[in-house]
1. Please enumerate the residues belonging to the range 78-88 that are under 14 Å from the mean Cα position of the chain (by Cα) and surrounded by fewer than 19 Cβ atoms within 10 Å (Cβ to Cβ).
2. Among what's in the range 95-119 and is assigned to a loop (DSSP other than H, G, I, E, B) and in contact (Cβ under 8 Å) with a residue 60 or more places away in the chain, pick the residue that is surrounded by the most Cβ atoms within 10 Å (Cβ to Cβ).
3. Which one of 93, 63, 46 is modelled with pLDDT under 95 and at negative phi?
4. Any chance the range 52-59 includes a residue that's out of contact with any helix residue (DSSP H, G or I) (no Cβ under 9 Å at 6 or more places or on another chain) and surrounded by 17 or more Cβ atoms within 10 Å (Cβ to Cβ)?
């Protein structure tokens, strides 16, 4: 059993609370605040991606389940920057930075994320700036989806029909781009829009 305390706390979302793994700085533990269907759907989808050998280049890796003193936890990759600090959510980064060059570096990664999602047919039900981390590394920075995977209407047919997959991804991606365009720093600097086309 793994023991967790407040010193390991990272963040709390709508459905789960997240802690640093006490024995492995590359991992985090997510614990449900209450029993919910979202977690089950997400894990089912993660397992499907693993079975299909989808590369996790832009997704936090999933390592399985463990018992903790706070209940059952799901183990995921903890996204850290080059200096080993925990990476910042895209939402927080866009709110906290006024440096256009820094924002541009982040937005240059958006087309790469799009290419990855479409090529691997990955649907993110809740694709937004809170569920994506901006990992800054000297050799290679990236945007990493850490939450919101899967969708509410689980239907096996969805996964084998490219037409429906693309329609779902299109809708999700359009919502994500529109949310980026509404961020103050981007709205005030139209030169940044070219990365969001």
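1. 80, 86
2. Among those that are assigned to a loop (DSSP other than H, G, I, E, B) and in contact (Cβ under 8 Å) with a residue 60 or more places away in the chain, it is 97.
3. Result: 46 is the single residue among 93, 63, 46 that is modelled with pLDDT under 95 and at negative phi.
4. no
Rundown of residues vs (1) closer than 21 Å to residue 1 by Cα; (2) in a loop (DSSP other than H, G, I, E, B); (3) within 16 Å of the chain's Cα centre (by Cα), yes/no style:
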site	(1), (2), (3)
14	no, yes, yes
17	yes, no, yes
25	yes, yes, no
38	no, no, yes
49	no, no, yes
67	yes, no, no
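The values are calculated or read from the model by the stated rules, or taken from the named source; none is laboratory data. Remember, it's a predicted structure, so these values are computed and weren't measured experimentally. Because the Cβ atoms are built from the backbone with ideal geometry, glycine has one as well, and the counts that use them run over all protein chains shown.
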